[in-house]
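Values quoted throughout were computed directly from the atomic coordinates according to the rules given, and no laboratory measurement underlies them. As the structure is a computational prediction, the values presented were derived from the model and not from experiment. With ideal geometry, Cβ positions are generated from the backbone for all residues, glycine too; neighbour counts draw on all protein chains shown.
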Amino acid sequence: MGTGRKFNKKPMTRPIKAAGPKVRRQRQQKERLVALGVDAETVAKMDAKAVRTMLQHPSKVTTAVAQ
């Protein structure tokens, strides 16, 4: 029993991320920002990268929102 092409194809060795879980993750991240006190309309207009960068430092977000 050898290791042929079947076991070396990239999607079989490393599965790609699906669209459904990605959307779920982004929705949860937006909900976390709203829970920190950011306005929901502002969060809805933000792109995914901006949401992730804000969530990296939640204490800074809460102090910025409080001011």
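Quick notes
- Listing 31, 41 from fewest to most neighbouring C-beta atoms within 10 Å gives 41, 31.
- Charge dipole magnitude, Cβ of K and R +1, D and E -1 - segment 16-66, Cα centre, debye nearest 20: 340
- Prolate/oblate/rounded label for segment 16-66 (Cα gyration tensor, a/c 1.5): prolate
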